[in-house]
1. Take the residues in the range A:91-128 that are of a type in the set (Val, Ile, Thr) and surrounded by 23 or more Cβ atoms within 10 Å (Cβ to Cβ), then tell me which one is nearest to the other protein chains (Cβ to nearest Cβ).
2. Counting only residues that are within 14 Å of chain B (Cβ to nearest Cβ) and modelled with pLDDT of 95 or more, give me the helices (runs of 4 or more DSSP H) lying completely in the range A:297-376 with at least 3 of them.
3. For the range A:204-258, how many residues are part of a helix (DSSP H, G or I), touching an Asp or Glu at 6+ places or on another chain (Cβ under 9 Å) and of a type in the set (Lys, Arg)?
4. Go through the range A:5-57 and count every residue that is within 14 Å of another protein chain (Cβ to nearest Cβ), in contact (Cβ under 8 Å) with a residue 40 or more places away in the chain and part of a loop (DSSP other than H, G, I, E, B).
5. Looking at the range A:265-288, which of the residues that are within 9 Å of chain B (Cβ to nearest Cβ) and either more than 29 Å from the chain's Cα centre (by Cα) or over 23 Å from residue A:83 (Cα atoms) (or both) is surrounded by the most Cβ atoms within 10 Å (Cβ to Cβ)?
6. Scan the range B:200-229 and report the pairs whose first residue is over 30 Å from residue B:25 (Cα atoms) and whose second residue is part of a loop (DSSP other than H, G, I, E, B), with Cβ atoms within less than 6 Å and a gap of 6+ or a chain change.
7. Condition test on residue A:262, is it of a type in the set (A, V, I, L, M, F, W, C) and more than 10 Å from every other protein chain (Cβ to nearest Cβ)?
8. Looking only at the range B:347-403, filter to residues that are in a helix (DSSP H, G or I) and among the hydroxyl-bearing types (Ser, Thr, Tyr); which one of those is nearest to the other protein chains (Cβ to nearest Cβ)?
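The values are calculated or read from the model by the stated rules, or taken from the named source; none is laboratory data. These figures come from a predicted structure and were not determined experimentally. Positions of Cβ are generated from backbone atoms using ideal geometry, with glycine treated the same way; all protein chains shown enter the neighbour counts.
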Amino acid sequence: MISFELSEDQKLLQETVAAFAIEQIRPLARDADERGEAPESVVAKAWELGLVAGAIPESYGGFGDARSALTGAIVLEELGYGDLSIALHVLAPRLLVYPLLEHGTEDQKKRFLPAFTQAEFRAATAAVVEPSLHFDLSALTTTAIAEKNGFVLRGRKAFVPLADGSETVLVYARHADRPRSENPAEGYRAVGAFLVERGAPGLEIGPPEKNMGIKALRSHELTLSDVRVGAECRLGGDRGIDFARLMNCSRVALGALAVGVARAAFDYARDYAKERRAFGVAIAQKQAIAFMLAEMAIEIDATRLLVWKAAWKLDRGEDATREAYLAKHYAANMALKVTDNAVQVLGGHGYIRDHLVELWLRNARGFASFEGMAIV
Amino acid sequence: MIDFELSEAAQNLQAMVHGAAEAFMRPVSRQFDEEEHTIPWDFIDFMWQATQGSDANLAGKKPTKEDGPAPERNLQLAVSIEELSWGDAGLYLSMAGPGLGGAAVAAAGTPEQKARFLSRFRSGKPKWAAMAITEPGCGSDSSAIQTTAVRDGDHWVLNGTKIFCTAGHKALLESEGFVVVWATVDKSAGRVGIKAFIVEHGTPGISVAKLEHKLGIRASDTAMLILEDCRVPLDNILGSPEITRTSEGFKGVMATFDATRPAVAASAIGIGRATIEFLRETLQKEGIPIRYGIPASKLAAVERDFMEMETLLEAARLLTWRAAWMMDRGIPNNLEASMAKAKAGLAVTQITQKAVEILGPLGYSRSLLVEKWMRDAKINDIFEGTQQINMLIVARRIFGYSSRELS
């Protein structure tokens, strides 16, 4: 029956991560953005929270927590509230771990999972996005050609977090032998994921990307020039993966992060508006400003519910494509609008890098392009 | 635990009401839109019979012990109103029942008043309870009400003019109903002087001056009422007699809106859903696909518009269900109710206006119901707190401001 109440466990988790985000992450956001990287200290502390090891079963050395897209959304909103770049950095290993948990063969799980249950942060990542304005999840241009004992991977990827520090990159590619189709669902079904080791011949990791936002996240382009991998590197073996479902998890994750970023901007602008005085009153007492903030509040709440509904469907094992796709689009637009309005509320001060609102705007615009973050 | 699935009881209710809406509302939808002041008695009688014996259509009413564990009164109301409005929003508003007036009694009345005024809805012939707040000179600014209530012996004497009173004429002239009239006992006291008074059918001194001709929801009669030395018993002031000395009267009735705003939002959503369903069917027939999962840049314009529309509807519904759920749990929901109403009113306006555009000449034609849905939709952005008032309420809440600090 309809309920909007979190479980006690979820409330506790939310409080814990929220406190961490506000106390440990947020104070570092500006500096990390200026320098172009997340401080190791916060990465280590986040690792200790068990954000990656949590969902790994005890038999591989993890905590054995049940995975839930909805709980993941709750956690990601709080991390996004702290700082998007740092959040993506600390969550990056999930890009490998979560698809492994979902689809890995027993061998693959045994080979790769235990390394992520150790005391120290271990980088890992996945490559989904391609550097083209035609980029289309249902029509990836990175291909996997089957050969005698494995596959040959060819293509270019972008937005690959921590590539230059990860032992393993999970590369998503379209099986070349599948026929092309107008039907997007067919396009998703044609995608496989491949465990590629750093140093593999033909794998070139580009220099750190220079983006408008997420500057503290070291991300890279990858070029795959006939990278050969054995059959055992195909995630899920012959069964392969459910790329559509993974991308729905990604949509939920990105939607949740977007809500976090937007909420950060809203809180900041709201508090600023109550302090800043003009024409004899706080600017919050002027309708033009008040209505902007009211709309921001409504849109944040609406987006969160849309994201949660998609997550809830995922957790029930239902096809959540429609809900997740629509929620992610809505979230990307909402985050842009909210952060843009936040800059506007701060006026000239919003334009200066003394305040975080301009950073949040730069980060928020990215959600229109971010894909492939299957981290819930 | 977060859960977006309706309970079995709610689903059954939804199916039942949907069936009634499809069978009894849609077929006569156009007719009662064209024949503006004809009362749809067949429909009214049918729905009255169907809802007898339940408080199902009473918004607000704080859950009591008899309601049992986790009551879903307001949520189920939202579900059923969505179905009825999917059928025809004007016909829905023409239905007999406690309505807004009854909700005010439920929110602010004494136990004796609740018994005296609400029990009539459980039996006999159809009755209406209307709410009369708006005046020619004041709508949103309800603290500027000019209708007066002066104590004279055992009575209150009411004088003034009320407009835009839904079902006012049916409440007073077509049934053994009543109208809840907001009047001031002390003009100089502003908000604090405003109280609600129950004027029963047949009371001399209250008359229906006219019925409005409207853009939409034409099946719902909207009355102008004139009160001229209208005498009501002393104990017809809503709430305890002490209420004249405090601001409780105004606040109490305003609290009604925390319950009725989700209900109005639900009505908007029903109209929006009717529109989206029709558009989806039409696009399908025309071979225009809606492809979830392809990049936004590859979407056809119509696809993109449609997706925006359906997302707006879902967002509005989730906010509405949240507000209703909070009401059912006894959690103060002033902020959330206004969020829901603001979003839903705007969403349905945007959805229906865009649908007429997309459907071109067909959308514009009275041979389809889509143009009617656009006309019906617009009122949801206006009544029961305009878009702007609801945004003000949201703003006050997010800042922690009083109405004096932010107006």
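1. Only one residue tops the list, namely A:128.
2. Numbers: elements: A:321-346, A:348-351, A:357-365.
Because the criterion is at least 3 residues that are within 14 Å of chain B (Cβ to nearest Cβ) and modelled with pLDDT of 95 or more, the helices (runs of 4 or more DSSP H) in the range A:297-376 that meet it are A:321-346.
3. Number of matching residues: 2.
4. Residues in the range A:5-57 being within 14 Å of another protein chain (Cβ to nearest Cβ), in contact (Cβ under 8 Å) with a residue 40 or more places away in the chain and part of a loop (DSSP other than H, G, I, E, B): 1 in total.
5. A:284
6. That search, which allows pairs on different chains as well, returns B:228/B:205; B:229/B:205.
7. yes
8. Restricting to residues being in a helix (DSSP H, G or I) and among the hydroxyl-bearing types (Ser, Thr, Tyr), the top hit is B:349.
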